[in-house]
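Everything below concerns the one structure shown next.
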Amino acid sequence: MTDHPPTDSMADETLDLPESVTVLHNGDTTIYVVGTAHISERSVQDVEQVIEAVQPDTVCVELCEARYKAITDDDRWKKLDIFTVIKEGKTLFLLANLALGAYQRKLGEQLGVKPGAEMLAGVKKAEEVGAKLELSDRDVHITLKRTWANLSFLQKMKLLGAMVGGLTTNEEISEEEIEKLKERDHLSEMMEEFARVMPQVKEPLIDERDQYLMNSIENAPGKSIVAIVGAGHVQGMTTHLGNEIDREALKVIPPRSGWMKSLKWVIPLLILGAFAWGISQKEMSTVEHMLKAWIIPNAVVCALFTLMAGAKLGSIVLAFFASPITSLNPLLGAGMVVGLAEAWQRKPTVADCERINEDVRSLRGVYKNAFTRVLLVTVMSTMGSAIGAWIGLFWIGSIAIG
C-alpha cells in the first residue's frame, strides 16, 4: 500500500517540476506521473524536463508494442498485406484504429505537433539518460476488442458514425484550450460526461486501462520512475495505487455469448426450414415468394452499401449475387468475398500504404486511397449483407405466418 494517499502536490521539494506532474510514493519507490496531451508541444517539453531533472531508473510510457511500433517505425504500413487483413477479419478494427487517430492528427497539424510526440520524446530521453524503457499500456487490439464486445449493434453504429464525423469535421482548437483540458477539474467534467453518454465505451477504454497502467508502472523496476500518460488517466490511476490488480484478467477477450454464437447458425436454419415448409405444403407460389423475400433484400441492400463505399462495378455485382448465398453460410461472409475482389481489382500499392496517415484525415482521402477504400468496401458490404439478411428473415416470417 502507499505510504500516504495519492497527492495532488505538483512537485518534490528538491526538484523544480512542471505543474503537469503528480508525485506518488509507493513504499520506497517514487513515481513521477507526467499528465500529457497527445498533441501538445508543452507536454513534449514537460516530458524532457522531468526526465532530465529526475534521472530515473525507469521511464514508463502509455504505449503497447503495437503503438510503440506505430510511432517509431515509419515503414509499418508498407508491411501490411491487405489480403491477409481481410482474411483474418481485421478490417473493421484497422479502419476504427485509423479513424480514431485521424482526429488527433488533424488537431496536431493545427498546432504543429505530431500526435504521440511526447511519448516519442520520452522514449528518446530515456535512452539518453540510460533509463530502462517500459511499455506500460494494454495491447491496443485487446482494448478495441473489449470495447467492441461491450456495445450493442446500435451502439456500434453510433460509434462508427462518430468516427466518420471526426473525419469530416473542420473544428479547430487552440493550444490554450489543449492545455486547459489537462487541468483536473476540466478533465473530471469531461470524464463524467463521457461516462454518462457512453458508459460501455468508458469502462474498457479508460477505467480498465487506469488499473492496468497503474499496476504496470508500480511493478516497473527501480526506485525512481517517470510515467508518461495521457492527463485523462492520472486521476483514475491514482485511486488504484497499491491495489492488487490482475492484469492478465484485463487482457482476456470476452467470448461471444452462446446466444450470439448460435445466431449465425439459427438464421440460415430458419430460412432453410421455411423453404422446406413451403415445399412440404406443395405451394410453389409460396416458395417463390419466400425466395424473392430472401434474395431481393440481401442482394439489393448489400449491393447498395457496397456502392456507397465507392466499390468497383465488379465488386458491386459480386455483392448482389454473393450476399443471398453467403448469408446462408455461417463460415463465409459477404464482406470477405467482396473485399478480396475489391483488393484484387484495386491492387493497393506501397505508395497507397505510405499515404494512409495523410489520407485518413478526411473522408475524401479515405475514398481516394486504394488501401482504405478496400477496407471501407469490406466493412460496408458486411453491414449491408447483415441488414439485408434481417430484412429477408422478417419478410419470410411474414409470408409463413400469413
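The values are calculated or read from the model by the stated rules, or taken from the named source; none is laboratory data. As the structure is a computational prediction, the values presented were derived from the model and not from experiment. Here the Cβ positions follow ideal geometry from the backbone for every residue, glycine too, while neighbour counts run over all protein chains shown.
A few points about this structure:
- Candidate set: segment 356-382, residues that are charged (D, E, K, R) and either touching a Gly at 6+ places or on another chain (Cβ under 8 Å) or modelled with pLDDT of 75 or more (or both); chosen: the one nearest to ILE316 (Cα to Cα): ARG373
- Taking segment 55-68 as the range and being out of contact with any Leu (no Cβ under 7 Å at 6 or more places or on another chain) and either at pLDDT below 95 or surrounded by fewer than 22 Cβ atoms within 10 Å (Cβ to Cβ) (or both) as the test, the residues that pass are GLN55, ASP57, THR58, ALA66, ARG67.
- Qualifying residues in segment 197-230 (those that are of a type in the set (Gly, Ala, Ser) and surrounded by fewer than 24 Cβ atoms within 10 Å (Cβ to Cβ)) - the one nearest to the chain's Cα centre (by Cα): GLY230
- Of everything in segment 325-340 that is of a type outside the set (Val, Ile, Thr) and surrounded by fewer than 23 Cβ atoms within 10 Å (Cβ to Cβ), the residue that is nearest to the chain's Cα centre (by Cα) is MET336.
- Residue count for segment 86-133 satisfying the condition of being modelled with pLDDT of 65 or more and among the basic types (Lys, Arg): 5.
- Search result, residues across segment 221-254 that are charged (D, E, K, R) and part of a loop (DSSP other than H, G, I, E, B): LYS223, GLU244, ASP246, ARG247, GLU248
- Residues in segment 134-158 that are assigned to a loop (DSSP other than H, G, I, E, B) and either small (Gly, Ala, Ser) or at pLDDT 85 or above (or both): SER136, ASP137, ARG138, ASP139, SER152.
- Hey, PRO268 assigned by TED's automatic domain parsing to the domain that holds LEU291, at pLDDT below 90 and surrounded by fewer than 16 Cβ atoms within 10 Å (Cβ to Cβ) or not: yes
- Pairs where the first residue, in segment 211-233, is in contact (Cβ under 8 Å) with a residue 60 or more places away in the chain and in the same structural domain as ILE51 (by TED's automatic domain parsing) and the second is among the charged types (D, E, K, R) and in a helix (DSSP H, G or I), C-beta under 6 Å, 6+ apart: HIS233/ASP210
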